[in-house]
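Note sheet for the following structure.
The values are calculated or read from the model by the stated rules, or taken from the named source; none is laboratory data. Bear in mind that the values here come from a model prediction, so they are computed numbers and not experimental data. Here the Cβ is made from the backbone with ideal geometry for all residues, glycine too, and neighbour counts use every protein chain on show. Please note that ligands, DNA and RNA were not included when accessible areas were found on the heavy atoms of the full protein model with its side chains. Shrake-Rupley method; radii C 1.70, N 1.55, O 1.52, S 1.80 Å.
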Amino acid sequence: MSENHDPIRLLAIRDTPLSLDEVYAAVGDDAAGGTTVFVGTVRDHDGGRPVSVLEYSCHPSAEQELRRVAEKVVADFPVRALAAVHRVGRLGITDKAVIVAVSCAHRGEAFEAARRLIDDLKHEVPIWKHQVFADGGEEWVGAGDC
């Protein structure tokens, strides 16, 4: 593989189900000794209240902001390959909401870079979560609150 390869292999915000296999395959790299994958799923509760459904929406700049976050992770860590996808639209319990993956030469770097990627994605990319609770109540949670 060329030394001038782009380590950002896959970035997307989609209204279709996310594929763990696709994300994992995107970060394959012969020089990587460690790959970390994080999958965020819709859980059945939040703040002690039962959740029946979630709906994610995003600002039109969300993919651009996702790229900015990814570029910063690549600049700060020795990343061989990186991927991040987030779902928008209506999701049910156990659906995958976000998948990030990072490959590095060593496992420690992969863990640290993946942690930064998901944390910064959740805090900086303008994606909002609309929660509908089993009791009929609802709540909006914005970037930085998720």
Tell me, yes or no, whether segment 11-19 has at least one residue that is surrounded by 12 or more Cβ atoms within 10 Å (Cβ to Cβ), of a type in the set (A, V, I, L, M), over 15 Å from the mean Cα position of the chain (by Cα) and modelled with pLDDT of 95 or more. no
Give me the pairs, please: first residue somewhere in segment 121-146 and at positive phi, second residue anywhere and modelled with pLDDT of 90 or more, beta-carbon distance under 6 Å, and either six or more positions apart or on two chains. G144/H123
Sort out which residues of segment 51-69 are open to solvent by less than 50 Å² (accessible area, probe 1.4 Å) and farther than 20 Å from Q131 by Cα, and write them in order of number. S61, E65, L66, V69
For segment 5-18, does any single residue satisfy the condition of being under 22 Å from R68 (Cα atoms) and free of Cβ contacts under 8 Å to residues at least 24 places away in the same chain? yes
Boolean, V100 is touching a residue at least 12 places away in the same chain (Cβ under 8 Å), of a type outside the set (D, E) and in contact with an Asp or Glu (Cβ under 9 Å, 6 or more places away or on another chain): no
So, in segment 70-121, of the ones that are in a helix (DSSP H, G or I), hydrophobic (A, V, I, L, M, F, W, C) and open to solvent by 10 Å² or more (accessible area, probe 1.4 Å), which residue ends up nearest to S52 (Cα to Cα)? I118
I need the full set of residues from segment 122-142 which are part of a strand (DSSP E or B) and open to solvent by less than 30 Å² (accessible area, probe 1.4 Å), in order please. I127, K129, H130, Q131, F133, V141
Restricting attention to segment 8-23, does a residue exist that is in contact with a strand residue (DSSP E or B) (Cβ under 7 Å, 6 or more places away or on another chain) and closer than 18 Å to V141 by Cα? yes
Scan of segment 50-66 for residues that are more than 12 Å from P126 (Cα to Cα) and either among the hydroxyl-bearing types (S, T, Y) or under 14 Å from the mean Cα position of the chain (by Cα) (or both), ordered by number: S52
